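Scroll down for the structure; my scribbles are underneath it.
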Amino acid sequence: MALLGLQACVGEDVDHDEGALSAEGFPEELQGTIEPVQGFYRGRAIALYDFGTIEPLRNPADEFAGVRVHPMYLLVPRDELRPIGRPIVDVIPPSPGYSPFFQIVRVEVDGSVGADDLKSQATMLRRSHRRTYTSAIVHCPVLAEGAEVVPPPAGDVAPAVVDLWWRGWRTRCLALEGGEPFGSVGLGPVPADEVAVGDRTTYTVPAQDVYLPEVRIFDEEVAVPDSAVVDRAPGDAGYSPVGRVSEVKVSATYVVGGFDELTDIDPTLIEPRVPEEFVDLPNVGGAP
């Protein structure tokens, strides 16, 4: 873990509470009632959350280079273990480069800092607080104001909703993989690759392939609902909540579950989506 210190700011430097963050600009997948959808893994029905498309990083050859991980700051009083107040983030879904993955950064504060004094990354960075960039990564999609999450059907999986600050505004995220420190249950760690940035380590999140059956209706290709097929589940080598989309061309007679594992699919029916598309599609139950 790397430690960084910044220059002190003279005088009081705290944020005002701007209230609840508007849902304006949030994608529809993060608004309203968010329910698990059905997918299939090696012959079994599974539960997935579909949080929509996600923007990847690209290398100089314009190839996929993982999904970026942003900092999430937790204020921790000196000589204590438990954080105070809400975690702070500086990206939300309308932000350029947003992703739902966050590296936990512990920010050491003294007794002069109250739980709700710091509500933005900018103010936190102006203060002379030591920051510890940990190896903990959490998958925590930021939800629109008023969004309600329907729990997955598997009783051993229970994501937790985490209250956040974003530039003085109140918002929330749903702690999935890596969310145990926030009270989530049964979701395992986030798969991540280390990336050196100066004198500290950050991370990117890889992708796995996801296969979406599509049927042509007149001149339009339409995805068959509740039919995504994956070949990796939490605990498998190569699993990721990020899916690289391939389309599976099926006839109008196709029924949900016609393909319930990758080996069912004729390879000649598979076409990688063009332009390349990645989705936030975590597996939240039903697979071993």
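Each value in this text was obtained by applying a stated rule to the coordinates, not by laboratory testing. Quick caveat, the model's predicted, so the values are computed rather than measured. Glycine also receives a Cβ, built like all others from the backbone with ideal geometry; neighbour counts cover every protein chain displayed.
General remarks:
- Over the stretch 1-154, the alpha carbon radius of gyration divided by the compact-protein estimate 2.2 N^0.38 Å works out to 1.23.
- The alpha carbon convex hull volume per residue for the chain rounds to 145 Å³.
- Here the Gaussian network model covers the chain, with springs between Cα atoms less than 10 Å apart; of G25, G186, G97, G25 fluctuates the most.
- Theoretical gain in end-to-end length, E271 to A20 [0.36 nm per residue, Cα-Cα removed]: 86.1 nm
- Charge tally in the Cβ shell below 10 Å around P282, where Lys, Arg are +1 and Asp, Glu are -1, P282 excluded: -3
- Our note on the geometry: Cα centres of the stretch 148-192 and the stretch 251-266, 32 Å apart.
- Between K249 and D116, the modelled label-to-label distance comes to 5.8 nm, taking each label 7 Å out from Cα in the direction of the beta carbon.
- Charge context of P71, other residues only, Cβ under 10 angstrom, K/R +1, D/E -1: 0
- Only DSSP H runs of four or more residues enter the estimate; each adds -39500 (n - 2.57), and after division by the residues of the chain the mean residue ellipticity at 222 nm equals -500 deg cm²/dmol.
- Pair V195, D156: separation of 7 Å Cα→Cβ label points (nm): 3.4
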